[in-house]
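Student: A single structure is presented below for examination.
No lab work stands behind these numbers, since they all come straight from the coordinates. Treat the numbers as computed from the prediction; the structure is a model and nothing was measured. Methodologically, a virtual Cβ is constructed for each residue, glycine included, from the backbone with ideal geometry; neighbour enumeration extends over all protein chains shown.
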Amino acid sequence: MFGHLAHLKKYFVRYKKKLSLGVLFILLSNLCTVYIPLLIKDSINSLTSNFSFPLLVNHALLIVGTTLVAGVFSFLIRQTIIVVSREIEFDLRKDFWEHIQKLPLRFFQNNSTGNIMSHATNDINSVRSFVGPAVMYSIDNGVLFFMIIPIMISLSPLLTLYALLPLPFLSILIYLVMKKVHVRYTRIQEKFSDLTTSAQENFSGIRVIKSYVREEYEIDQFTKESDEYLKRKMHLVKLQAMFQPIFFMLAGLSSIIVILFGGNMVMDGKLSVGTIFAFVFYLSLLIWPMISFGFVANIIQQADASMKRLLKIFNEPYEVSDNGETDSAVQSLEGTIEFKNVTFRYSENFPVVLDNISFKIEKGKTVAFIGYTGVGKTSLIDLIPRLYDVTSGEVLIDGINVKNIPLDVLRTNVGLVPQETFLFSDTLTNNILYGTENGLQETVEKVSDIAQLSKDVKDFPNGYETILGERGITLSGGQKQRSTLARALAIDPKILILDDSFSAVDTHTEEEILKRLKEFMAKRTSIIISHRISTVKDSDKIFVLDKGKIAELGTHEELVALGGIYADLHYRQLLEEELSEMS
Amino acid sequence: MAEEQKDDEILGKAYDSKLMRRLLKYVQPYKKYVLLAISLNILVAALGPLRPYLGKIAFDDYIAAKNYHGLLLIAGALLGSLIFQAIVQYFLTYYTELMGQKIIFDLRVQIFSHIQKLALKYFDKTPIGRTVTRVTNDVDALNDMFSSGIVAVFSDVFVIIWIFIFMFSMSWDLALVTLSVIPFLFYATFLFRKKVREAYRDVRFHLARLNTYMQEHVTGMNIVQIFAKEKSELKKFSSINWNHRTANVKSVFYYAVFFPFVEFLSSITVALIIWYGGGKVIQEHLTIGILFAFLQYTEMFWRPVRDLSEKYNILQTAMASSERIFKLLDNKTFINDPEVPVQPENVKGAIEFNNVWFAYNPGEHVLKNVSFKINPGETVAIVGATGAGKTSLINILTRFYDIEKGSITLDGTDIREIRKHELRKYISLVLQDVFLFSGTIKSNISLGSDKITGDQIVEAAKTVGAHRFISQLPNGYDEEVKEKGATLSVGQKQLISFARALAYNPQILILDEATSSIDTESEQLIQNAIEKLLVGRTSIVIAHRLSTIQNADKILVMHKGELKESGTHQELLIKKGIYYRLYQLQYKDQEIVKTV
């Protein structure tokens, strides 16, 4: 039933020493705990027979001393078992993160950040509750149970039998209630999910609601949903409210039995009064295991569901990683890129994005890819640093299939400036030097010059040490793009890929950047993707993509003369420029 | 944005009296429940401590006197009190839970209604998921506090009071001796709370760091991978993760000390009862039954203390959630209605923009000094490049946003003098992206309005040409719309939204034409539908179709937030200005398609 939690075994094994100690401490602590009612029994009996005051003092001190020892062990239990649960939480989260980092881009596109976060926080947390409290209470209570019963039997088998008589009835009752609770709980969950969906829908469609003045109606609908939720919840409460009374009934019933039957036995001279005291104490010790049973069962159930979700992520394949085919001898790259019959689709049921494309880019050249939105330009360049792998065909760098190049060698040699700018909330320097091992301030300044960032930095409160993002300053779109360009340049890449990286940069600055880039990129391979003709027109070669294929190929002049897609784009851009210059 | 984002990181103070007072206001309507719960509590609280007292009687009066019958009677009394307590306890739990749920319900509906009133500005800035969390999870997190939390505190207090009463009535000196440990307990609890609060703050700090790190790096995972920084990021992550672990381990320490210490204190009371009470029994000042009762009271007395940490957690969660909820409720981004609204009568649909200035963010004007007039029944096409201000025009006409300067009038009345719900009744808005709700086709056309009859729905669908495909669906108009209409084609969804607009039979129609291309067959259907839609009412269309533009009475050309040209298609083409170029860029291709 709780099979998913079995996967935690390797973590438990890792801490088996500490855990075994914990179990030992549980034994020792309980050994002390069960001794106390016996002390009370003897004390009380001394009051009815030999009236020994020294024995009373002696026992009183023993009770305090024994509890102290039990307390020390109970302290050690938490210091071992609960601490181990924190260690395992740490390990689990670390493994989770290590795994996540290796997952392909696809995973992050299919799973929202919030979703991934909830695995890393909520699910790991609920698994930890199992590893810590649930394990501790289960063992503790189990041990207590099996220690107390024999003692009770040794004191009076008959009274033990009577006292524990309500137990089986209770178990059956709880089992029956629990079964129903589960059904009702599921119904609540369903309604809660309905509630979430309708809120989600309402807020997404708020424009429609407002424009058709449907607010009141929507509030009515939502009120009805909430009311249904309330009703279902109360349906469960009707059952749940029984739990506590049932437990107290059990405890109380057993005590009454002990007083009644035990009292009769005392009157018959078959039992000492002290034994009744001891029994009442043992019963109160036993009631906690019973109560915590439900609590623990609940934790385990939740932890199992969480573990199931976590395992789903742990079982996500890496898709892109080093393997037996990897040629570890490859330690540097020159920069000749070749696509051989490359076909690519995002997954089986998706349409073909790149259809049997072949081309070669000699090292040191600058080439551009252009085309209408959605023709697969980004997909094409994502194949070079293996953000995705080809569906068929091969991508070669220096004649070696990228799949055989060690992943870190490949990626540290390819400087990709992605379309969506992302910077960490850290200093500008740290952002620029992100990809480097031990970056120098000189590098920062050099690449910032090329990216035309230096002039902006002068106005930042702390220059290059200014923190970006929420805790610092907010950069403009253009500044962000130029920073990400600087970051890619800082790793001194053999291949530089710019994916529409100047869209928010004005044309004048763009020209300046391109001029400086030319110098920097003299011996490297550059690939530029852009919508703007101005960005690509000086490239050595321009590829026009359309419908998954290379539709046109040539220099700017050749392509304009061709009168195809490129010429159309060129014409449109002239019009747009004219438009934007009109006022 | 930055401030909003931190919302989710609010982990809450353990206790905030201001928040608490505000939360308790929601209990106000349920005073009766609270009174009932408290009176039941007083009753139930007495029953627990009564049993050890009955136990005392059993020992002293019957067992000692060998009175079998009396013992049976006492056992009966004990059983009776137990059953009675169980029943009362059941109803108590039920009613407090019911009260909690009702409060939660009120709060949920209040939040939802509040959100409905918020202006679009709020929705522009806040991710939907965050708003959803406020009405769902955050509200639910308060449940424990309202149902078990508040009442449990009362019940603990009453139980303790009853224990005191019984103890002192049996033996005041033993009671004093037994309770002498209490000051130590208070001091220990005080120290513990202080330490735990510090430790908790530390945990919270590291948890927030951990979450921030993960959030940021999951979002920017492609950067981590592109630069092959997995190893060094793992190192960074591990150090943050380690600090989080260490902070937690530290707080474990305090719990590990506190709980055994409470046990230890409790054992001292047991020892005191044995030593002092036992001594008194020997001197025959006390009876064994009293010892029995006192020992039981000790057990009862320490239970509330043991539950301390659980209550602390409940409180903490409630505080964090309520802080987020109240922050939303305090958000008053509204578009206000006039105090003395004008009630328009017999609306004809004449619209006039007089020198309108508008900005989403202060200082960044998206509409500059725009003036134009639309006569009743006219169709006006608005054209312009992306960002020219076309959508802003319709946003301010429907009062989704208010303008900065100038005025917009409807039949000569400033729209700010009309209640916004009234104003919107005259306008139907068809958006570019069709939004379908879950429900049926029918309910998506009527949007649940009971003023629109089934016949009117069918009529509207027939007019726009949607009837044919709807009637072919297995359940016709009662067909469920699943997953925002995933099973319908783009064209079908558009036709439904047209039918919706038509069913409301507005004086003014605003249509933001979809740019997405669809197959020629549906294209023809949609063109026909649009023509029908525009007949006999004032219409404003953000046009992407050449046919729509050509059929318009007037074309307004927006450029960089200003109205630059206006006139008919032919007039504007001859001008060779902005429209001419827009035509070349956007519409000319459609002409070619048409001739083909």
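Student: Along the charge dipole of the protein assembly as shown, which of B:A552, B:I163, B:Q28 sits closest to the positive end, that is, farthest toward it, with unit charges on the beta carbon of Lys, Arg, Asp and Glu (+1, +1, -1, -1)?
Tutor: Of B:A552, B:I163, B:Q28, it is B:I163.
Student: A follow-up question, please. Taking the Cα centre of each part, how many Å lie between region A:145-224 and region B:186-237?
Tutor: Their Cα centres are 32 Å away from one another.
Student: With no solvent and one equal point scatterer per Cα, compute the Debye intensity ratio I(q)/I(0) for region B:171-330 at 0.10, 0.16 Å⁻¹ and report its log10, rounded to two decimals.
Tutor: Scattering profile of region B:171-330, log10 relative to I(0): -0.61, -0.98.
Student: Please report the antiparallel percentage of the DSSP beta bridges confined to chain B, to the nearest 5.
Tutor: 55
Student: Distance in nm between label sites at A:K446 and A:D268, each 7 Å beyond Cα in the beta-carbon direction?
Tutor: Here the answer is 10.0 nm between the modelled labels.
Student: Only Lys, Arg, Asp and Glu count, each charged at its Cβ (+1, +1, -1, -1), so figure out the dipole size of chain B about its Cα centre, rounded to 20 debye.
Tutor: That gives a dipole near 1040 debye.
Student: Would you mind calculating the relative contact order of region B:434-505 from Cα pairs under 8 angstrom and at least 6 residues apart, reporting the percent as a whole number?
Tutor: 51
Student: Expressed as an acute angle from 0 to 90° and rounded to the nearest 10, what is the orientation of the C-alpha long axis of helix A:166-204 relative to the principal long axis of chain A?
Tutor: With rounding to tens, the tilt is 30 degrees.
Student: Using Cα-only point scatterers and the Debye equation, what is log10 of I(q)/I(0) for region B:2-329 at each q in 0.07, 0.10, 0.12 Å⁻¹, rounded to two decimals?
Tutor: These q points yield log10 I(q)/I(0) values of -0.45, -0.79, -1.00.
Student: May I ask you to compute the full-extension gain from A:K10 to A:V72, defined as 0.36 nm times their residue separation minus their alpha-carbon distance, rounded to one decimal in nm?
Tutor: Length gained between A:K10 and A:V72: 19.4 nm.
Student: While we're looking at this one, here's another question. Out of the chymotrypsin sites (Phe, Trp or Tyr not before Pro) in region B:126-160, which ones are loop residues according to DSSP with at most 15 other C-beta atoms within 10 Å?
Tutor: none
Student: Here is a further query. For chain B, what is the calculated [θ] at 222 nm in deg cm²/dmol (nearest 500), taking -39500 (n - 2.57) for each run of four or more DSSP H residues and dividing by its residue count?
Tutor: Calculated at 222 nm, the ellipticity per residue is -19500 deg cm²/dmol.
Student: Can you find, among A:V447, A:L285, A:A488, the residue farthest towards the positive end of the dipole of chain A? Put +1 on the C-beta of Lys and Arg, -1 on that of Asp and Glu.
Tutor: A:L285
Student: For chain B, what does the convex hull of the Cα positions come to per residue, in cubic angstrom?
Tutor: 242
Student: Return an integer: the convex hull volume of the alpha-carbon atoms of region A:1-120, in Å³ per residue.
Tutor: Here the figure is 149 Å³ per residue.
Student: Please rank A:F12, A:F222, fewest neighbouring Cβ atoms within 10 Å first, as an exposure proxy.
Tutor: Ordered from fewest to most neighbouring Cβ atoms within 10 Å, A:F12, A:F222 come out as A:F12, A:F222.
Student: Right, another one. Suppose R0 equals 41 Å. What FRET efficiency, 1/(1 + (r/R0)^6) with r the Cβ-Cβ distance, do A:I188 and B:Y68 give to the nearest 0.05?
Tutor: Between A:I188 and B:Y68 the formula returns 0.20.
Student: To continue, here is another question. Helix-derived [θ] at 222 nm for chain A: sum -39500 (n - 2.57) over DSSP H runs of at least 4, divide by residue count, nearest 500?
Tutor: Rounded to the nearest 500, it is -19500 deg cm²/dmol.
Student: Among A:I497, A:S476, A:I528, whose Cα projects farthest towards the positive end of the dipole of region A:472-583, with charges put on the beta-carbon of Lys, Arg (+1) and Asp, Glu (-1)?
Tutor: Farthest towards the positive pole: A:I497.
Student: Provide a whole-number value for the mean count of partner chain Cβ atoms within 10 Å of the Cβ atoms in peptide A:561-574.
Tutor: The per-residue average across the peptide is 1.
Student: Could you estimate the translational diffusion coefficient of chain A from the Stokes-Einstein equation, with Rh from the Kirkwood formula over C-alpha pairs, at 4 °C and 1.567 mPa s, in whole µm²/s?
Tutor: 42
Student: A further question on this structure: Per Stokes-Einstein, at 37 °C and 0.692 mPa s, what whole-number D in µm² s⁻¹ belongs to region A:337-581, with the Kirkwood radius over Cα pairs as the hydrodynamic radius?
Tutor: Rounded to a whole number, D works out at 175 µm²/s.
Student: Once phi is turned into ³J(HN,Hα) by the Karplus curve 6.51 cos²θ - 1.76 cosθ + 1.60 with θ = phi - 60°, what whole-Hz value does each residue of region B:546-556 show in order, with x for glycine and proline?
Tutor: 4, 4, 4, 5, 5, 7, 5, 6, 8, 10, 9
Student: What is the magnitude of the charge dipole of region B:2-329 about its Cα centre, with +1 placed on the Cβ of each Lys and Arg, -1 on the Cβ of each Asp and Glu, and no other charges, expressed in debye to the nearest 20?
Tutor: The calculation lands at about 980 debye.
Student: What's the angle, to the nearest 10 degrees (0 to 90), between helix A:565-581's Cα axis and the longest principal axis of chain A?
Tutor: Result, in degrees: 90.
Student: Along region B:401-415, what does the Karplus equation 6.51 cos²θ - 1.76 cosθ + 1.60 (θ = phi - 60°) give for ³J(HN,Hα), rounded to whole Hz, x for Gly and Pro?
Tutor: Values, residue by residue: 9, 9, 7, 8, 9, x, 8, 10, 10, 10, 6, x, 9, 4, 5 Hz.
Student: Determine one quarter of the surface area of the Cα convex hull of region B:21-67, which equals its mean projected area, and express it in nm² to one decimal.
Tutor: Averaged projected hull area, Cα only: 4.3 nm².
Student: Then there's this: 7 Å from Cα along Cα→Cβ at both B:F190 and A:S580: what's the point-to-point distance in nm?
Tutor: Label-label distance for B:F190 and A:S580, simple model: 7.0 nm.
Student: Return the distance in nm (one decimal) between the two label points of a simple spin-label model at A:D95 and B:V27, each offset 7 Å from Cα along Cα→Cβ.
Tutor: 4.5
Student: Rounded to the nearest 0.05, what FRET efficiency do B:K451 and B:F372 have when you use their Cβ-Cβ distance and R0 = 25 Å?
Tutor: Calculated value: 0.20.
Student: Also, I was wondering about something else. Where nothing but the Cβ of Lys and Arg (+1) and of Asp and Glu (-1) is charged, how large is the charge dipole of the protein assembly as shown around its Cα centre, in debye to the nearest 20?
Tutor: 2980
Student: Take every Cα pair under 8 Å in chain B that's 6+ residues apart, average their separations, divide by the length, and report that relative contact order as a whole percent.
Tutor: Averaging sequence separation for qualifying contacts and normalising by length gives 15 percent for chain B.
Student: When the label point is put 7 Å from the Cα of B:A77 along its Cα-to-beta-carbon vector, which residues of region B:32-66 have a backbone N closer than 16 Å?
Tutor: Label zone hits: B:46-66.
Student: Is the C-alpha gyration tensor of region A:419-472 telling us rounded, prolate or oblate? Criteria: a/c under 1.5 is rounded; beyond that, a/b larger than b/c is prolate, otherwise oblate.
Tutor: It is rounded, given that a/c, with a ≥ b ≥ c, falls under 1.5.
Student: Could you calculate the contour length gain from A:N401 to A:N315, that is, 0.36 nm times the residue separation minus the distance between their Cα atoms, to one decimal place in nm?
Tutor: Taking A:N401 through A:N315 to full extension adds about 28.3 nm, to one decimal.
Student: Show the residues, 5+ positions off or on another chain, whose built amide H is closer than 5 Å to the amide H of B:G439.
Tutor: Amide H neighbours of B:G439: B:V481.
Student: Which value, in nm² and rounded to one decimal, describes the direction-averaged projected area of the C-alpha convex hull of the protein assembly as shown?
Tutor: Averaged projected area of the protein assembly as shown's Cα convex hull equals 53.5 nm².
Student: Counting just the Cα atoms, what span does region A:389-462 cover along each of its three principal axes? Round to the nearest Å and put the largest first.
Tutor: Taking the Cα atoms of region A:389-462, the three principal extents are 50, 25, 22 Å.
Student: Also, I was wondering about something else. Partner chain Cβ atoms within 10 Å, averaged over the residues of A:111-117 - can you pull that number for me?
Tutor: Per residue, the average neighbour count from other chains is 4.
Student: Pull up the DSSP beta bridges for chain A and report the antiparallel fraction as a percent, rounded to 5.
Tutor: 50
Student: Spelling out what I want: for every residue of region A:64-71, take phi, set θ = phi - 60°, compute 6.51 cos²θ - 1.76 cosθ + 1.60 (Karplus), and round to whole Hz; glycine and proline get x.
Tutor: The phi angles translate into 4, x, 5, 5, 4, 4, 4, x Hz.
Student: How far is helix B:31-57 tilted, in degrees, relative to the longest principal axis of the Cα atoms in chain B, given as a value from 0 to 90 rounded to the nearest 10?
Tutor: So the inclination is approximately 20 degrees.
Student: If all Cα-Cα distances of region B:434-505 are sorted into 10 Å bins from 0 onward, what percent lands in each bin, rounded to whole numbers?
Tutor: It works out to 23, 63, 14, in whole percents.
Student: Oh, and also: What are the extents of the Cα atoms of region A:159-249 along their three principal axes, listed from largest to smallest and rounded to whole Å?
Tutor: 76, 16, 12
Student: Could you state the principal axis extents of the C-alpha atoms in region A:303-451, from the largest down, to the nearest angstrom?
Tutor: If we take the Cα atoms of region A:303-451, the spans are 50, 48, 39 Å.
Student: Further, regarding this structure: For a protection proxy built on the mean count of beta-carbon atoms within 10 angstrom, sort A:112-121, B:456-465 highest first, please.
Tutor: Taking the mean over residues of other Cβ atoms within 10 Å, the ranking is B:456-465, A:112-121.
Student: Here is a follow-up. With a Förster radius of 45 Å, plug the Cβ-Cβ distance of B:D16 and A:K360 into 1/(1 + (r/R0)^6) and report the FRET value to the nearest 0.05.
Tutor: Efficiency, rounded to the nearest 0.05: 0.10.
Student: Quick one: of the DSSP bridges fully inside region B:449-596, what percent are antiparallel, nearest 5?
Tutor: 50
Student: Please work out how much length the chain gains when fully extended from B:F326 to B:L50, using 0.36 nm per residue of separation minus the C-alpha to C-alpha distance, in nm with one decimal.
Tutor: 95.0 nm
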